[in-house]
Each structure stands twice: as structure tokens, then as C-alpha cells.
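Undergrad: Handing you a structure now.
The values are calculated or read from the model by the stated rules, or taken from the named source; none is laboratory data. Every value quoted in this text rests on a predicted model; they were computed, and no experiment measured them. In this analysis, Cβ positions are derived from the backbone assuming ideal geometry, glycine residues included, and neighbour counts consider all displayed protein chains.
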Amino acid sequence: MTIRLMLADDHRMLREGLQRSMTDAGFDVVAQAADGVEAVRLAAETSPDVILMDVTMPTCDGIEACRQIKAAGGSARIVMLTMHADQDVLTSAIRAGAIGYLTKDSATWEIADAVRLAAEGDTVLSPQLARSMLAEVRRVDDPVHPAEEHIVSKREEEVLQLIADGCSTDEVADRLFISQKTVKNHLASIYQKLDARDRTQAVLRAVRLGIVSLD
């Protein structure tokens, strides 16, 4: 099934370039928005599977637009695009409900891969942004208990580390010589043990507990 994609960016040239490259990659670009207000409206009207959302836009920025789309019950998976790896922006994007985080200097194939992963419900973490995500970790108030360091199994630690390194489900399966189904089973167990709802939260908590590192 063709992935329905919406683009939201106030720079027309970038929007049109993305539209061409994403269409060439096999996506159905169903809408383009020039600001956050238009993004919220078009998301409701066109029901895209994935939205590539610029962080900095006039009238209503990408993070507020993301928050409004999610608050309205929108099912689109939102991947934020940002010029810089700003830790405050990342934290706000996480809280707004974004599933992916990419810098605008990402290659076309990286963006296309991110859209496919997001459509499947996978969290997309741009390697350039990994260090900035530590800011969210440092903001977590829950005390760390030493016993929690061994809360996950050795295999689950390996899965978590690969996810923290930016690997997709397919890549984790290939590197560990296990099936994708097994990777997903490990992730489900990890989410339960770390009280996380998705990959982003699991990685953040695992880093805070010292289970994995963001190198």
C-alpha cells in the first residue's frame, strides 16, 4: 500500500524539492502546507499516514502544529525536520508526540527510509540528534536505583544499543541474526520493563540507567 505523505515547510523551494524526491521514492504526496495552521487543517482534511513537519514555521510552529494534530486525534505519524540539533526542540517534539527527528541535511534516502519506518510505527532517530537527546534524560526526575541497571536481559541490551545507534527493526534483526518478529518481541518486553511507550522513551530511560550509551 502506498504511503500517503504530507509536507509542511514554509520554504517553497524545499517543499517542492521534497515533493519531487518523495514522489520519486514511491510516496503519494497528498498535501503541502506553508505554515503550522495550514498543516493542522490539511492533516484533518487529507488524513496522511506520515507528515514531514518543519520545526520553524510562521503563524504556528511545527511543534505546536504537531501537538494540535495529536490533540485532535490525528493518526498521522509525524517526523520533525530541524536545521540544528537543538536539545530543547527535541524535548518539545518528544512531548508533542512526534515519532521521528531528522536534520535537514539528511540525504534523500535517509528521509525516505524515515518515512517508511514512521509509517510502520517505528521511531526514527537521526544520528546527529542523539547527543542532544541526553538533555531530556538529564531532566528526568525519577531517582536511579542500582538494581534497575540489570532490569533487561543481555539480548535486550544489545537490541536497545542498536536502536540507540539509529538502527531500524530490519537492521537490528540482520545484525543480531534473528527474525524481525523476535526483535519486536524483545522491544515489547523492553517497553514493559522500562515503562516506556515507544523506542524514544525506552532509549532515553536506558541511557539514564546506564544500560546503553549515545556515542
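Undergrad: So which of V50, V40, V55, V29 is at pLDDT below 95, buried (at least 16 other Cβ atoms within 10 Å of the Cβ) and in the same structural domain as A114 (by TED's automatic domain parsing)? Quick ask: steps written out before the conclusion?
TA: On the way: V50 fails: at pLDDT below 95; V40 fails: at pLDDT below 95; V29 fails: at pLDDT below 95.
One residue alone meets the criteria, V55.
Undergrad: List pairs: first in region 26-41 and closer than 12 Å to A76 by Cβ, second part of a helix (DSSP H, G or I) and acidic (D, E), Cβ under 9 Å, 6+ apart or cross-chain?
TA: Once the first residue is closer than 12 Å to A76 by Cβ and sits in region 26-41, its partners that are part of a helix (DSSP H, G or I) and acidic (D, E) give A31/E38; A31/E45; V40/E64.
Undergrad: Here is a further query. Exactly one condition in (1) in contact with a Lys or Arg (Cβ under 9 Å, 6 or more places away or on another chain); (2) at pLDDT below 95; (3) over 16 Å from A119 (Cα atoms) is not met by V89; state its number.
TA: Going through (1) in contact with a Lys or Arg (Cβ under 9 Å, 6 or more places away or on another chain); (2) at pLDDT below 95; (3) over 16 Å from A119 (Cα atoms) one by one, V89 breaks only (1).
Undergrad: Scan region 58-108 for residues that are in a loop (DSSP other than H, G, I, E, B) and crowded, with 23+ Cβ neighbours inside 10 Å and jot them down.
TA: Going through region 58-108, the residues in a loop (DSSP other than H, G, I, E, B) turn out to be 58-61, 72-76, 83-86, 97-99, 104-107.
Correct list: A76, A98, I99.
Undergrad: Residue by residue through region 63-99, note down the ones that are within 14 Å of the chain's Cα centre (by Cα) and farther than 14 Å from S126 by Cβ. Lay out the reasoning, then the answer.
TA: Applying the first criterion (within 14 Å of the chain's Cα centre (by Cα)) to region 63-99 yields 63, 66, 76-82, 85, 89-99.
Listed by number, the residues that qualify are I63, C66, A76, R77, I78, T91, S92, R95, A96, G97.
Undergrad: A further question follows. I'm told R116 meets every condition in (1) surrounded by 16 or more Cβ atoms within 10 Å (Cβ to Cβ); (2) without any contact (Cβ under 8 Å) to a residue 60 or more places away in the chain except one. Can you identify the failing condition by its number?
TA: Answer for R116: the failing condition is (2).
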